[in-house]
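Peer 1: The structure follows.
The values are calculated or read from the model by the stated rules, or taken from the named source; none is laboratory data. Model, not experiment: these values are computed from the prediction. Virtual Cβ from ideal backbone geometry, glycine too; neighbours counted across all protein chains shown. With ligands, DNA and RNA removed, areas are computed over all heavy atoms of the protein, side chains included. Shrake-Rupley method; radii C 1.70, N 1.55, O 1.52, S 1.80 Å.
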Amino acid sequence: MTKIENLDDILKSEDVNGSIIELDNFIGELCGYGDDFSKLTDPQKLFYLNQNLEREINNGGFNQYFCNSSGDNAHETILSLKAIGAGKTAEILQKAIDQFPKKFVPKDRDERTEIVEQIEDTANEVWEELDERFFEYEDDLNTLNIEYVKKYKDFF
């Protein structure tokens, strides 16, 4: 298991956003930016899934999230959000997932993109509303993620 060397310094920093970015970059490089999750501990994977969601929503909303590789792990991300105590964000993601037929997001990106193209006329309206709800940050994702890392720091 590869661990981040200056973890204690990162966790002591008052720049929580900077700490999140540093951790995210380290974990991203470790797993080839999602290409090989086997190189991550379960807590590292959970952290990475949460950051993938936030990164995609901030860059292009739920439509982008589902069309990019981050959407491969939509269902697992519900669990990762709940694991850090981000229940409201998990509910938002679930409502976004609910726009898919049978409320199921395929892991295969090509299949998923094809479905998004079929449903986006109606789904985009819902997703845009959910984007706005996400941006309200009812759950303080940065703080929740940092607290999670502190709790499981032996795995980072």
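Peer 1: For the stretch 77-127, what is the accessible area per residue in Å² when the probe is 1.4 Å?
Peer 2: Accessible surface, normalised per residue, equals 57 Å².
Peer 1: Now for a separate question. With 17 Å as the cut-off, how large is the P(r) tail for the stretch 61-140, expressed as percent of Cα-Cα pairs?
Peer 2: So the pairs more than 17 Å apart make up 41 percent of the total in the stretch 61-140.
Peer 1: Order 40-51, 69-80 from most to least packed using the mean count of other Cβ atoms within 10 Å.
Peer 2: 40-51, 69-80
Peer 1: Compute the acute angle (0 to 90°) between the alpha-carbon long axis of helix 74-83 and the principal axis of greatest extent of the alpha-carbon atoms of the chain; round to the nearest 10°.
Peer 2: 40
Peer 1: Right, here's the next one. Give me the dipole magnitude in Debye, nearest 20, for the chain about the Cα centre, with unit charges on the beta carbon: positive for Lys and Arg, negative for Asp and Glu.
Peer 2: 660
Peer 1: May I ask you to compute the full-extension gain from residue 128 to residue 151, defined as 0.36 nm times their residue separation minus their alpha-carbon distance, rounded to one decimal in nm?
Peer 2: 4.9 nm
Peer 1: If you roll a 1.4 angstrom probe over the protein chains with everything in place, what fraction of the accessible area of the stretch 1-133 belongs to carbon and sulfur, to the nearest %?
Peer 2: Taking all protein chains in place, the stretch 1-133 shows 43 percent carbon and sulfur surface.
Peer 1: Shifting gears a bit: Share of Cα-Cα pairs in the chain beyond 27 Å, in percent?
Peer 2: 22
Peer 1: OK, next. Highest first, please rank the peptides 55-63, 101-109 by the mean number of other Cβ atoms sitting within 10 Å of their residues.
Peer 2: Per-residue mean Cβ counts within 10 Å order the peptides as 55-63, 101-109.
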